[in-house]
Amino acid sequence: MTDWPIPSDGDQVRFLKNIQRLLNEGSFVASYKFALLHSLADLAVEFGDDSGAPLDLTIRQIAERFIRLYWQQVRPFQVAGSDSGIVLKQNTGRQADVINRIAAARVRSAGSLYRGRMDRPAWKALVSDVATTVRVMPLWKLQTVGSERLDFLYDNIETGASIMLKPGMAYCFRAFYPVLCGLFRSSWIDYLRRANARDLGYANDLQDFLFGHERASLDVYVPILRDVQRGECFYCRGHLRSSADVDHFIPWSRCHSDLAHNFVLAHRGCNSAKSDHLAFEKHLEAWAVRNADMRAELNQRFDAAAIVYDLDVSRRIASWAYAYAEQANSQVWIRDSEFKRLDGSWRAILVA
Ligand SMILES: [Zn+2]
């Protein structure tokens, strides 16, 4: 195995400056470049590691991430004072075909990404359409600013079915993931405001519409988690009364993952005390054990409820989140207002 160097502080600053240049100086005729940058960051978290190694990504993987990002955005946006919603334009001319196709797929499956994916021939055709758009539109243009080619993320080979993130790039995406996603999302929102200025007016709930998670959609988890947790709060093991909160085990603020294994059921008080913190190692162990021991039952219940799940990806996201917190010297939540410093013992739990 080759050892790749971890990017130096100087390398990391250069990475951030280059990302800023893409956002500030790149030209944007559609929102695809934001979706591409966001997808690369997501895939670095889901499939990369912190070794500094290069990372191969297929254009198909990128296309699937694209669809997931746009899936939420193509539903009609309700403008205050108007009866019908509008599908936001994702480019400066007329709506891009690929957006119309994703919107049509969403309608066909009644909004359910799970059902969309289960309709295999249609899903395959959609992914391959989107992959073509990724290849023709943003992929080989992303790193061009003015007449200059930065090419720091991957080589512009302009052909083939995959790209390779250069050594250190997956590391940098992972090291700055929350702040990068915030940057990509706010640039994306600004772009959509300009592209839809006439329709949108001063609508101020775009952030939630485009990137939020729908509280109501979490209700589907309540009966499943009540059963697997035997009516107990995931964190304090106390009895759950009729009202309980569905909690993102890896907080939504750190990573927008709505894959099913990331959810636990907790008292409202426990959930709000945990807030945006990671849970300490004992909770992490309980989460890992639950997912492993009840894998078959959980999968069957998720399938029956048409919820998207992928335990391996959920575990890799958790590994990223704990590695990130350890590097940041973060505290993790125990109970109430009790915290401790995260140490390296989480590795044995997630790597096992
Ligand atoms: Zn509790």
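The values are calculated or read from the model by the stated rules, or taken from the named source; none is laboratory data. Quantities reported herein were computed from a predicted structural model and do not represent experimental measurements. Glycine gets a Cβ as well: all are built from the backbone with ideal geometry, and neighbour counts include every protein chain shown. Just so you know, the surface numbers come from the protein's heavy atoms only, side chains and all, with ligands and any DNA or RNA stripped out. Shrake-Rupley method; radii C 1.70, N 1.55, O 1.52, S 1.80 Å.
Hydrophobic (A, V, I, L, M, F, W, C), over 26 Å from ARG347 (Cβ atoms) and open to solvent by less than 60 Å² (accessible area, probe 1.4 Å): does that describe CYS233? Yes; evaluated as a whole, the condition is true for this residue. Somewhere in the range 240-256, is a residue more than 24 Å from PRO178 (Cβ to Cβ), open to solvent by 60 Å² or more (accessible area, probe 1.4 Å) and modelled with pLDDT of 95 or more? Scanning the range 240-256 turns up no residue that is more than 24 Å from PRO178 (Cβ to Cβ), open to solvent by 60 Å² or more (accessible area, probe 1.4 Å) and modelled with pLDDT of 95 or more. The residues in the range 328-352 that are among the aliphatic types (A, V, I, L, M) and surrounded by 15 or more Cβ atoms within 10 Å (Cβ to Cβ) can be counted, and the count is 5. If you go through the range 308-339 and keep only what is in contact with a strand residue (DSSP E or B) (Cβ under 6 Å, 6 or more places away or on another chain) and farther than 13 Å from LEU284 by Cα, you end up with GLN331, PHE339. Restricted to the range 119-159, and to residues there that are in contact (Cβ under 8 Å) with a residue 60 or more places away in the chain and open to solvent by 40 Å² or more (accessible area, probe 1.4 Å), the residue that is farthest from TRP320 (Cα to Cα) is GLY146. I'd like to check something: does the range 199-207 contain any residue that is within 16 Å of the ligand (Cβ to nearest atom), touching a helix residue (DSSP H, G or I) at 6+ places or on another chain (Cβ under 9 Å), more than 21 Å from PHE66 (Cβ to Cβ) and assigned to a loop (DSSP other than H, G, I, E, B)? Within the range 199-207 (the criterion being within 16 Å of the ligand (Cβ to nearest atom), touching a helix residue (DSSP H, G or I) at 6+ places or on another chain (Cβ under 9 Å), more than 21 Å from PHE66 (Cβ to Cβ) and assigned to a loop (DSSP other than H, G, I, E, B)), the answer is no, since none of the residues qualifies. Candidates in the range 257-280 are the residues that are open to solvent by less than 20 Å² (accessible area, probe 1.4 Å) and away from the ligand (no atom under 13 Å from the Cβ); of these, the one that is farthest from the chain's Cα centre (by Cα) is LEU278.
Considering the range 281-296, the residues that are of a type in the set (A, V, I, L, M, F, W, C) and open to solvent by 50 Å² or more (accessible area, probe 1.4 Å) include one that is nearest to the ligand (Cβ to nearest atom), namely VAL289.
Here's the yes/no breakdown for (1) acidic (Asp, Glu); (2) open to solvent by less than 50 Å² (accessible area, probe 1.4 Å):
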| residue | (1), (2) |
| --- | --- |
| ILE59 | no, yes |
| GLU64 | yes, no |
| VAL74 | no, yes |
| ILE86 | no, yes |
| ILE99 | no, yes |
| ALA105 | no, yes |
| ARG108 | no, no |
| GLY111 | no, yes |
| ARG115 | no, no |
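Every condition in (1) more than 16 Å from the ligand (Cβ to nearest atom); (2) of a type outside the set (Gly, Ala, Ser); (3) open to solvent by 70 Å² or more (accessible area, probe 1.4 Å); (4) outside the structural domain of VAL87 (by TED's automatic domain parsing) is met by ILE224 except one, and the failing one is (3). Restricting attention to the range 233-256 and to residues that are part of a strand (DSSP E or B) and within 21 Å of the chain's Cα centre (by Cα), the residue that is farthest from the ligand (Cβ to nearest atom) turns out to be HIS248.
Answer with yes or no whether ASN329 is polar (S, T, N, Q) and part of a loop (DSSP other than H, G, I, E, B). For ASN329, the condition - polar (S, T, N, Q) and part of a loop (DSSP other than H, G, I, E, B) - is met. In the range 36-146, counting only helices (runs of 4 or more DSSP H) that sit wholly within it, the ones holding 2 or more residues that are among the basic types (Lys, Arg) and touching an Asp or Glu at 6+ places or on another chain (Cβ under 9 Å) span 59-73, 97-108.
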